[in-house]
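See below for the structure under consideration.
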Amino acid sequence: MAYHGPSYGLSRECQMKSQAKFDLHRAREACDWVEAVTEVPLDWPTSDGLIDQLAFGHALKDGIALCTLLNHLQPGSVKRINTMKAPFKQRENVEMFLKGCEAYGLKSQDLFQVNDLYENRNLYMVVDCLYALGGLAQKRSFDGPVIGVKVAMENKRNFSEEKLKESHKIIGLQYGSNKGASQAGMTAYGTGRQIIPGEAQKNLSVDGQKIIGLQSGSNKGASQAGMTPYGAPRQIIPDGLHRNRE
């Protein structure tokens, strides 16, 4: 058994997220599949069987059931299975199971680390590994009990040289045409917003030069004639009347 202190802070948060991903129903199906293939019942900690994550980890942590399962799928994958209860022997069994799965064709992202099982860290990854292994077994035409989704078979298409040359004769719809989608007239990212389109702005500038203002050549427009300069004394009597009185 692995002994380590309780987790706190971020480690505790990661541990809780990992425990939340564990699906007891999927774990029970995986264990039933292991027992059906190996024809050997798992060693549960209590008579109640699989009741939680700890029971799942206890049944598989010695690696004996996992190695036996792999030898049924691919005979000779694990040469020697350790039956001793020593921790390093149990870890060695799990390591040989993982190496055998990789040699069997299982992808590295579908595997788990030894501590994920032996220290009950990420038991949901062990369940996912068993499901992936079951799907790969179906692909390899295993005639025993199955679990998971069958891995799709590769379906290559081989075209002759003549068929490939025919593709060069196809002319795209936009070849020789300027009516396709383009970015013409679009405002570049980051520039100011143009209320008036650029072409209309040019026309306004040209047309504006042809307009003659109403005050051009005229003295009838608004002016400051007759206004008192700022700071001068106020004139009660206009200048014209003042001169007439004199």
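Rule-based calculations on the coordinates, nothing more; no lab input. Being a predicted model, the structure only gives us computed values, none of them experimental. Here Cβ is always computed from backbone atoms with ideal geometry, including for glycine, and neighbour counts include all displayed protein chains.
When only DSSP loop residues count, what trypsin sites (Lys or Arg not before Pro) in the stretch 1-105 have their Cβ near at most 13 other Cβ atoms within 10 Å? Don't skip to the answer; put the middle values down first.
Details: sites: R12, K17, K21, R26, R28, K61, K79, R80, K85, K89, R91, K99; in loops: K21, K61, K79, R80, K85.
For trypsin sites (Lys or Arg not before Pro) across the stretch 1-105 that sit outside H, G, I, E and B with at most 13 neighbouring Cβ atoms in 10 Å, the list reads K21, K79, R80, K85.
Return the loop-located chymotrypsin sites (Phe, Trp or Tyr not before Pro) in the stretch 91-130 (DSSP other than H, G, I, E, B) with at most 12 other Cβ atoms within 10 Å of their own Cβ; answer none if there are none. Taking the stretch 91-130 and a limit of 12 other Cβ atoms within 10 Å, no loop chymotrypsin sites (Phe, Trp or Tyr not before Pro) are found.
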